[in-house]
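Beneath this line is the structure, given in structure tokens, with notes to follow.
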Amino acid sequence: MTTDVATSRRGGFSIRRGRDAVLGVTGLVIVVALLEILPRSGIIDARFLAPASEIARELGAELGHGAFWTSFGQTLLGWATGLALSMVAGTVVGVIIGSVPFLRSLTASTIEFLRPIPSVALIPLVVLIYGSEPQSALVLVVYASFWQVLVQVLYGVADVDPVVRDTARSYRFSRWSMIRTVIWPTALPYVVTGFRLAAAVALILEITAELIIGVPGLGRDIGVAQSSGAVPLTYALVIVVGLVGVAVNVLARLVERRVLRWHSSVRKDVG
Amino acid sequence: MSLRSVAKQIAFALALPVILVIVWWFASAGSENYFWPPLTDIVEAFGETWTADKWTGDVLPSLGNLLAGYLLALVVGVLAGTVIGLSRTVRALCEPVLEFFRAIPPPVLVPIIALFTGFTGVVPKIVTITLGCLWPILLNTVEGVRGLDEVLLDTARSYRFRARTRLVRVVMHGASPQIAAGARQALSIGVILMVISELFGANRGLGASIVQFQRSFAIPQMWTGIILLGLLGVVLSVLFRVVEHRALAWYRGLRRAEKEN
């Protein structure tokens, strides 16, 4: 590509970006408008769908309640604890299994078998053992997100260039410096992908546990609001949970960019 | 592959599961612990619990809901994703909205849909599964269509392929690896939602049965339900892989050829 084309493309880029942003906002406005018009005009019964303005009012009122922030904190704490545990466990187990060929072939079938077991199958068990305590949510969150991390780390370790590995071996690198200088840098992009996937899955399971088991948090509040017929509040809380989800995705992408600043996959689209 | 290496592979694949089951068998053998009954009891309960009646009354309807919801999401997701992916303007218009809907954890759909219908009967469950599975398929299709080679599209146009041929043969085909990735994510979400939709307000179905066992403290039976769900999860993911393997055979060949060059 000649520089000429490159620069003109980049010039066009920012104009396009601006246009895209305007269009994006327009899309959001349309959805909000529909949300206001449909229940107001009676096309959708207001008992089922609250108008946008009422949801917004309810949301504003909620932000002033201490109880809301307690739930909010409980959800985030459960999410973060579970995610941190599964990141550590998944990475450590993944690097160990991945760098020993014997272990890798021994565990492959078991991992493939355990991974698709839906974590919600464990709900009855954790209910019996812990009831609606935060531990119940923690077990589900860790179980679900552990596999996301582990599998990515295993891919990452398998991706190490055999020539580099053999070179390091012939230089008699110790096991630890092998992990630190050869395996880790190759596996890191995969670890970060694992983090991104696990962050989203962890939030889903945290909310599920709150909703179904009654672990304290935003999910439980949604269930209570729905069963007591507080329609605008139900929607307001769902929107909060959605925004938390968006924040989690954005955060994961920021972490990805920061951790992999040196990596070609990120440098390419910065440069 | 020689017979020896095949045998070795099989041995490796079976070794750990066999060890784990043996450990479970003996560790739980004389178990007095209420929550962890002996594996012998669970195995015994399995046959008694999941009779033909139970299969036709609970398991198959659950799987039917899953299949209906999933296929619906697949059709709607691929169609809408193609439309959104092909036009830059439509994409820019929809992107923030889609990002938001994707970020909503799918289980909160259950109380929302319950507001509308009270969550009895089959339809709300299928709708829940469809809405949950839709986003990964839709967004991956958009990505796949967007990532298509411009030259390929232009070539197809200049050869005057009919619009329909172009859409199916070039666009959908080219995006299919991405679509498959989305469909795989959607499948596990679908299984989760199948169970949750029954935990929430149903009296029939696999999830509902497991909860009934748990509430009536039929612990070995509850364990058989958990194991059955696990087995179903595994079978579904194997089935998915078989279908994907056949559908994407051309793609693997292409990758292999690229690697060799």
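With only alpha-carbon pairs counted, each pair once and no self-pairs, how large is the Kirkwood hydrodynamic radius of region A:120-183 in angstroms? Here the Kirkwood hydrodynamic radius works out to 14.7 Å.
Let me have the 222 nm mean residue ellipticity of the protein assembly as shown computed from DSSP H runs of 4+ only, each contributing -39500 (n - 2.57), with the sum over all residues rounded to the nearest 500. That comes out to -26500 deg cm²/dmol.
On a 0 to 90° scale, report how tilted helix B:39-49 is relative to the longest principal axis of chain B, with both axes built from alpha carbons and the result rounded to the nearest 10. The answer is roughly 70 degrees. Taking all protein chains as they are arranged and a probe of 1.4 Å, the heavy atoms of B:Thr120 leave approximately 100 Å² accessible to solvent.
Excluding ligands, DNA and RNA, what is the accessible area buried between chains A and B, summed over both sides, using a 1.4 Å probe, to the nearest 100 Å²? Each step should come with its number before you reach the end.
Values: alone 16130 and 16420 Å², together 27970 Å².
Approximately 4600 Å² gets buried when A meets B.
May I ask which residue of B:Val151, B:Leu236, B:Leu79 lies farthest towards the positive end of the charge dipole of region B:52-246, with charges of +1 (Lys, Arg) and -1 (Asp, Glu) on Cβ and the Cα centre as origin? Comparing the listed Cα positions along the dipole, B:Val151 ranks first.
Compute the semi-axes of the equivalent ellipsoid of chain B, taking the square root of 5 times each eigenvalue of the Cα gyration tensor, and list them largest first in whole Å. Kindly include the intermediate steps, with their values, before the conclusion.
Numbers: eigenvalues 337, 154, 38 Å².
Result for chain B: semi-axes of 41, 28, 14 Å.
By a 1.4 Å probe calculation restricted to protein chains, A:Arg19 has an accessible surface near 110 Å², given to the nearest 10.
Dividing the radius of gyration of the alpha carbons in region A:64-196 by their Kirkwood radius gives 1.11 for Rg/Rh. Computed on protein heavy atoms with a 1.4 Å probe, the accessible areas place B:Glu95, A:Glu206 in the order B:Glu95, A:Glu206, largest first.
Using Cα pairs under 8 angstrom and six or more residues apart, how large is the relative contact order of chain A, in percent? Working shown, then result.
On the way: 264 pairs, mean separation 60.9, N = 271.
In percent, rounded to a whole number, it is 22.
The phi torsions of region B:22-28, fed into the Karplus equation with coefficients 6.51, -1.76 and 1.60 and a -60° offset, translate into couplings of 4, 4, 4, 3, 7, 5, 9 Hz, rounded to whole numbers, with Gly and Pro shown as x.
With 50 Å² as the minimum drop in accessible area between chain alone and full protein complex (1.4 Å probe), the qualifying residues in region B:79-101 are B:Arg88, B:Ala92, B:Leu93, B:Val97, B:Phe100. Give me the percent of accessible area attributable to carbon and sulfur for chain A, probe 1.4 angstrom. Of all accessible area on chain A, carbon and sulfur atoms account for 67 percent. Each part reduced to its alpha carbon centroid, region B:153-198 and region B:5-21 end up 36 Å apart.
Farthest toward the positive end of the dipole of chain A, out of A:Val201, A:His65, A:Thr91, is the Cα of A:Thr91, where the dipole comes from beta carbon charges about the Cα centre.
Rounded to the nearest 10 degrees, what's the angle between the helix B:123-146 long axis and the longest principal axis of chain B, both from Cα atoms, 0 to 90? Here the helix axis deviates by roughly 40 degrees.
The apolar share of the surface of region B:69-171, taken as the fraction of accessible area on carbon and sulfur atoms (1.4 Å probe, ligands and nucleic acids excluded), comes to 65 percent. Dividing the Cα radius of gyration of the protein assembly as shown by its Kirkwood radius returns 0.98 for Rg/Rh. Within straight-line reach of B:Lys8, meaning a Cα separation under 20 Å, sit the following aspartates and glutamates at least 8 residues removed in sequence or on another chain: A:Glu112. Interface residues of region A:88-119, defined as a loss of at least 20 Å² in heavy-atom accessible area between the chain alone and the complex of all protein chains with a 1.4 Å probe, are A:Phe102, A:Ser105, A:Leu106, A:Ser109, A:Thr110, A:Glu112, A:Phe113, A:Pro116, A:Ile117, A:Pro118. Report the FRET efficiency, 1/(1 + (r/R0)^6), for A:Val92 and B:Thr155, where r is their Cβ-Cβ distance and R0 is 56 Å, rounded to 0.05. Efficiency, from the Cβ-Cβ distance: 0.70. Average accessible surface for chain A: 51 Å² per residue, computed with a 1.4 Å probe over protein heavy atoms with every protein chain in place. For chain A, the longest principal axis of the alpha carbon atoms and the long axis of helix A:3-40 meet at an angle near 30°.
With all distinct Cα pairs included, what does the Kirkwood hydrodynamic radius of region A:56-108 come out to in Å, to one decimal, could you say? Numbers along the way, then the final one.
Numbers: mean 1/r = 0.0704 Å⁻¹.
Evaluated on region A:56-108, it is 14.2 Å.
Express the C-alpha Rg of chain A as a ratio against the empirical globular expectation 2.2 N^0.38 Å, rounded to two decimals. Working shown, then result.
Numbers: Rg = 23.6 Å, N = 271, 2.2 N^0.38 = 18.5 Å.
Normalised Rg, Cα atoms only: 1.28.
Residue-wise HN-Hα couplings along region A:229-245, as the Karplus relation 6.51 cos²θ - 1.76 cosθ + 1.60 with θ = phi - 60° gives them from phi, are x, 8, 5, x, 5, 3, 5, 4, 5, 4, 5, 4, 4, x, 5, 4, x Hz; Gly and Pro carry x. Apply the Kirkwood formula to region B:191-255: the hydrodynamic radius equals the inverse of the mean of 1/r over all pairs of different alpha-carbon atoms; give it in Å with one decimal. Evaluated over region B:191-255, this radius sits at 13.7 Å.
Per residue, how much accessible area does region B:138-253 have with a 1.4 Å probe, in Å²? List each step's numbers first, then the result.
Numbers: 5930 Å² over 116 residues.
On a per-residue basis, 51 Å².
3J(HN,Hα) along region A:152-165, derived from phi through the Karplus expression 6.51 cos²θ - 1.76 cosθ + 1.60 where θ = phi - 60°, amounts to 4, 4, 4, 4, x, 5, 5, 7, 4, 4, x, 5, 4, 4 Hz, with x in place of Gly and Pro.
Among A:Asn249, A:Ile55, A:Val142, whose Cα lies farthest out toward the positive end of the dipole of chain A, if unit charges sit on the beta carbon of Lys, Arg (+1) and Asp, Glu (-1)? Selected residue: A:Asn249.
Which whole number gives the average count of other chain Cβ atoms within 10 Å of the Cβ atoms across peptide B:216-225? Present the calculation step by step, with values, prior to reporting the outcome.
Working: counts 0, 1, 0, 3, 0, 0, 4, 2, 0, 2.
Mean partner shielding for this stretch: 1.
The values are calculated or read from the model by the stated rules, or taken from the named source; none is laboratory data. All values reported here derive from a predicted model rather than from experimental measurement. All Cβ positions, even for glycine, are placed from backbone atoms using ideal geometry, and neighbour counts span all protein chains on display. Areas reflect the complete protein model, heavy atoms only, side chains present, ligands, DNA and RNA absent. Shrake-Rupley method; radii C 1.70, N 1.55, O 1.52, S 1.80 Å.
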